[in-house]
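Here is the structure we will look at.
The values are calculated or read from the model by the stated rules, or taken from the named source; none is laboratory data. From a predicted model like this one, the values you see are computed outputs, not experimental measurements. When we count neighbours, we look across all protein chains shown, and the Cβ atoms used for this are built from the backbone with ideal geometry, even at glycine. For the accessible areas, the whole protein counts, side chains as well, though only heavy atoms, and no ligand, DNA or RNA atoms are used. Shrake-Rupley method; radii C 1.70, N 1.55, O 1.52, S 1.80 Å.
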Amino acid sequence: MSPLCRIEGVLHYEGVSLERIAATWGTPCYVYSRAALTEAYQAYERALAGHPHLICYAVKANSNLAVLNLLVRLGAGFDIVSGGELARVLAAGGNPDKVVFSGVGKTEVEMRAALEAGILCFNVESESELVHLNRVAGGAGRSARISLRINPDVDARTHPYIATGLKESKFGIPYDQAYALYQEAAGMAHLRVTGIDCHIGSQLLDTGPFAQALERILTLADRLADAGIRLQHIDMGGGLGVRYGEETPPALSDYTQVLLRQLAGRAEHLIIEPGRSLVANAGVLLTRVLYLKHGQSRDFAVVDAAMNDLMRPSLYDAWHDVQPVRARSGAARRYQIVGPVCESGDFLARDRDLALAEGDLLVIGSAGAYGMSMSSNYNTRPRAAEIMVDGADAHLVRDRENIAQLLAGEHLLP
Ligand code: LLP
């Protein structure tokens, strides 16, 4: 259920008026719902209850410490892709024994930090990385638990920038090379083969590609078992799509049934790495209309949030819902919702029929995933504040950045 509701004409997030949030902390700001996050996580737990599993939330989707800490309290593990994300998980109280480390470019420093923390598994993406990790683990006097991330060559039928399971992509180990590489890994002194991994893409709107990928992974796991390499877990990555507007993503239970059906009777634990489907619809971006420009051919609403705050529309032509916090009467116009950044690609939404006045507050929907985490300081714009609502309460979970913080760390020539 969406945490957005209209009470006496004013949009609220859970029990908190978005007008009150804007008055207290200013705009632009991200607003998250504790109840929506909790419900999304618990729905996954319920749907997977029939098989031993670990839900490793993909930190990149939203890495705010309060979000991570809430997931820690709910029992989640984490999928990280950098030393920075590891530090966040640890700072949020996460258990390293529930952390998997993905990514094609892990550095030696990052490997050492993860070994020292004692993470559950490295998802290794190339032969070179395997050799490197074995050496780093040996040097640190440790043993690294590993999975190979397999590229199953499956078409995820999603935006090309976020499809990762085709053989043309930079991700994973080609399916045909995986068996030999597993044998090589099994012989390495400082590695312990514990699993197999894949992640075929993001915002998938169909369960077919997941089923195909898992089938290929299980065929490989069986061949490995015949060769004496027994895996403890199968990691199917993330990727379940969400509804931004007209999309019809699979129901969570349909997705999990596709996985659980094929895993029935098997000993391997299931790991999944959902990001978007846990947080996208547990967050919104709140922004204020600065100026209205009624041009000859187009009407613009210039708002105080921009592509640096929410990059998805500019980068993927992504569609996000836009609603006024307080609906006003009067004739609607067809607006381009744009930010102050100096690029024509700086838009948050296009062709929206709205009745607006300067100073109005707008809510950009489904912004909990890949919103704040992809934001930047382009145009020397301080990043937005983040707020989490919890019933009738609202808590600031990240201060708005200030200009002094942006300038700190830069140096003039002597
Ligand atoms: N595991 C791995 C290894 C990943 O690379 C990703 C996402 C996930 C899990 C989580 O996938 P999810 O459940 O969120 O679909 N910035 C893009 C999405 C990029 C996804 C990158 N990898 C967007 O805003 O649509």
Using the structure shown, decide if L315 is under 29 Å from L65 (Cβ atoms), within 16 Å of the ligand (Cβ to nearest atom), surrounded by fewer than 20 Cβ atoms within 10 Å (Cβ to Cβ) and hydrophobic (A, V, I, L, M, F, W, C). yes
Tell me which residues, restricted to segment 361-385, are over 16 Å from the mean Cα position of the chain (by Cα), surrounded by 19 or more Cβ atoms within 10 Å (Cβ to Cβ) and either within 18 Å of Y57 (Cβ to Cβ) or not aliphatic (A, V, I, L, M) (or both). R381, R383
Being of a type outside the set (S, T, N, Q), closer than 13 Å to S314 by Cβ and outside any loop (DSSP other than H, G, I, E, B) narrows it down to one of R334, R350, so name that one. R350
Please enumerate the residues belonging to segment 157-203 that are more than 13 Å from the ligand (Cβ to nearest atom), part of a loop (DSSP other than H, G, I, E, B) and charged (D, E, K, R). R157, K167, E168
Residue set D304, D317; condition of a type in the set (D, E) and touching a residue at least 12 places away in the same chain (Cβ under 8 Å); output residue D304
Filter segment 93-105 down to the residues that are within 12 Å of the ligand (Cβ to nearest atom) and outside any strand (DSSP E or B), then identify the one that is surrounded by the fewest Cβ atoms within 10 Å (Cβ to Cβ). V104
Suppose we filter Q262, Q296, Q323, Q336 for residues that are of a type in the set (S, T, N, Q) and closer than 30 Å to V99 by Cβ; which single one remains? Q262
Which one of G195, G172 is under 26 Å from the mean Cα position of the chain (by Cα) and without any contact (Cβ under 8 Å) to a residue 60 or more places away in the chain? G172
One residue from L90, L74, L68 being more than 14 Å from the ligand (Cβ to nearest atom) and open to solvent by less than 10 Å² (accessible area, probe 1.4 Å): L68
In segment 325-347, what count of residues is obtained for those that are of a type in the set (S, T, N, Q) and open to solvent by 60 Å² or more (accessible area, probe 1.4 Å)? 2
Within segment 232-257, how many residues are open to solvent by less than 20 Å² (accessible area, probe 1.4 Å) and of a type in the set (A, V, I, L, M, F, W, C)? 4
Looking for something modelled with pLDDT of 95 or more, among the charged types (D, E, K, R) and under 21 Å from D399 (Cβ atoms) - is there at least one such residue anywhere in segment 34-51? yes
Residues (part of a loop (DSSP other than H, G, I, E, B) and either away from the ligand (no atom under 16 Å from the Cβ) or under 17 Å from S202 (Cβ atoms) (or both)) located in segment 118-156: G118, E125, A140, G141, R142, S143, P152, D153, V154, D155, A156
